[in-house]
1. Specify which residue in the list Phe457, Gly446, Thr436 is farthest towards the positive end of the charge dipole of the stretch 429-484, using unit charges on the beta carbon of Lys, Arg (+1) and Asp, Glu (-1), about the Cα centre.
2. For a protection proxy built on the mean count of beta-carbon atoms within 10 angstrom, sort 146-153, 433-440, 120-127 highest first, please.
3. Ordered by residue, what ³J(HN,Hα) values in Hz, to whole numbers, does the stretch 475-490 give under the Karplus form 6.51 cos²θ - 1.76 cosθ + 1.60, where θ = phi - 60° and Gly and Pro are x?
4. Of the beta bridges DSSP finds with both residues in the chain, what % are antiparallel, to the nearest 5?
5. Report the local net charge at His349: Lys and Arg +1, Asp and Glu -1, summed over other residues whose C-beta lies under 9 Å from its C-beta.
6. Only helical DSSP H runs with n ≥ 4 go in: add -39500 (n - 2.57) per run for the chain, normalise by residue count and round the 222 nm mean residue ellipticity to 500 deg cm²/dmol.
7. Rounded if a/c is under 1.5, else prolate if a/b is larger than b/c, else oblate: which is the stretch 120-257, with a ≥ b ≥ c the root eigenvalues of its Cα gyration tensor?
8. Charges only on Cβ, +1 for Lys and Arg, -1 for Asp and Glu: so what's the dipole of the chain about the Cα centre, in debye to the nearest 20?
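Only the coordinates and a few stated rules stand behind these numbers; no lab work does. Bear in mind the structure is a predicted one, so any value in this text is a computation, not a measurement. Note that each Cβ is placed from the backbone with ideal geometry, even for glycine, and that neighbours are counted across all protein chains shown.
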Amino acid sequence: MFALGFLLGGKLVSVVVALLVATIAFWKWKYQYWKRRNVPYLEPRIPFGNMEEVIRGKKFAGIRLKEIYNEMKSKGWRHGGIYTFTKPSYVILDLDYVRNIMTKDFKYFMDRDVYVNENDPLQAHLVNVSGARWRNLRAKLTPTFTSGKMKGMFQVMAESQKDLQTRMYEEYKKNRPINIKEILACFTTNIIGSCAFGLECKALEDDNSEFRLFGRKMFAMTRLQSFKRLFAVTFPKLAKFVNLSFKRQEIVDFIMNLVQDTIEYREKNNYTRNDFMQLLINLKNDKDVDGHDAQSLSIDEVASQAIVFFAAGFETSSTLMTFALYELAKNEDIQKKLRQEIDSVLDKHNGQMTYDSIQDMKYLNQVIDETLRLHPPGSLTDRKCIEDYKIPDQDVVIEKGTTVLIPIMGIHYDEEYYPEPEKFDPERFSDENKKTRHNFAFMPFGEGPRNCIGMRFGLLQSKMGLVSLLKNYKFTVNKKTVEPLQYQPRHFVLAAQGEIWLNAEKV
Ligand code: HEM
């Protein structure tokens with residue numbers, strides 16, 4: 001009996017050892033991929049490849065990619081290969097290659113590397129869809145974001161700006177350190193809630209308003225959720241096989257009810273409003289955004305766009321304003337110079353903050369660009385190769401299906417383009433200085449036909465928020481802020497660890 005057990009046990013050990021050896025051999029063979037394709041690569045480690053800290057939830061993906069960029073750049077590479085588990089990704093450094101992939105040869109790189117479970121509702125949105133479906137949807141939605149449409153929404157935004165003033169005054173009176181991101185997230189929640197859903201969210205009046213709670217829920221990623229996402233893009237076939245779903249029922253219910261109620265109310269009462277929802281309703285009813293005949297959107301597609309506008313709209317812009325105020329709080333002279341510009345431009349416009357007065361603030365633009373360089377909310381983006389593609393002037397073919405990573409933050413911190421890259425210096429974005437750089441050395445909104453569709457909207461609401469605060473308050477950094485800044489490892493967009501705390505003084 002004992003001998004049999006020993007024998008069986010011995011067999012089991014042999015099987016386990018054989019499996020282990022086979023797995024390691026398989027991993028090692030996978031790690032030859034870039035060598036076989038003639039692309040220089042950073043040495044991966046079994047089993048995580050080059051992204052161990054990201055997989056373990058210890059580092060933000062954009063920051064890890066910035067490190068990878070620096071390592072490759074120090075070796076003089078123009079491009080390079082990495083691995084996430086066994087999945088190879090192609091990293092581009094050379095800005096001409098970036099330009100080719102994002103614009104000139106875009107037809108080879110039209111898609112994003114996303115995993116979509118066809119059965120999950122609210123997935124058919126612009127960020128996720130691919131191929132002809134994306135092209136059609138993008139063409140339909142693009143007229144929603146023209147400067148004319150933005151001008152039309154300005155009044156809706158301006159209402160929220162008054163609530164921001166009221167809330168800021170209350171915070172100021174408390175004479176306590178201010179968690180500025182929270183206030184700004186409430187401000188952008190109000191704006192996007194109003195513009196995307198036609199609702200008064202009252203987030204500035206109540207930190208725990210329904211919409212603000214919903215926004216927090218959407219952006220807080222648990223360890224399990226972030227692992228599931230990484231697993232799905234790394235092993236899409238396996239994810240499909242096990243029918244991996246990201247559906248969060250409470251989010252689906254909240255949005256579907258909201259969209260259905262809004263549409264029903266507007267259609268029953270013949271009510272129209274100058275907002276995104278109206279433009280989406282027009283598309284649902286076979287009209288393009290300007291009311292001409294078009295191919296219609298389903299209710300699920302309307303809801304999917306609304307949720308992505310909401311998600312992309314409030315967090316990115318509040319992040320931008322938060323980091324801008326932090327940098328201004330650290331750089332008193334720059335803050336003073338910007339306030340002088342705000343005062344003098346507003347004087348010229350009879351003290352009114354209008355769409356045109358905001359466009360006149362040149363230095364504000366520079367401050368925003370420099371903030372987006374140092375703290376780009378979308379610190380990386382990707383494309384998926386959809387047809388074999390030969391890299392010009394190299395004996396390298398990128399295979400169909402390969403993920404291409406664009407290290408936005410790595411490029412933004414490259415000394416070759418930005419000497420003393422850690423320094424906050426808006427002069428880098430003066431007209432003369434901008435001309436001296438490659439166009440693709442700055443791309444906080446991505447680039448090419450698949451760049452950020454909401455750029456104008458995001459910039460407008462961020463400028464409005466900053467002008468509104470800076471004309472009335474002077475900011476300094478409170479010691480509660482953890483410095484030097486660290487970024488949260490598991491968050492959809494760049495966010496400071498421990499939040500940014502400011503002191504405010506009336507000007
Ligand atoms: C400061 C604010 C914002 C920043 C920094 C930002 C950044 C980005 C970046 C980096 C991308 C990827 C672009 C690429 O892959 O080339 C993107 C895509 C996108 N953004 Fe934004 N964004 C902002 C605001 C907004 C707003 C306000 C909206 C909507 C109301 C929005 C909607 C989108 C959508 C739908 C896409 C996907 C576009 C497509 O695939 O066709 N974003 N954004």
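1. Going by the charge dipole, the pick is Phe457.
2. 120-127, 146-153, 433-440
3. Each residue of the stretch 475-490 in turn: 10, 10, 7, 7, 5, 5, 5, 6, 10, x, 4, 10, 9, 5, x, 10 Hz.
4. Expressed as a percentage, antiparallel bridges in the chain total about 85.
5. -2
6. My calculation for the chain gives -16500 deg cm²/dmol from helical runs alone.
7. oblate
8. For this selection, approximately 1360 debye.
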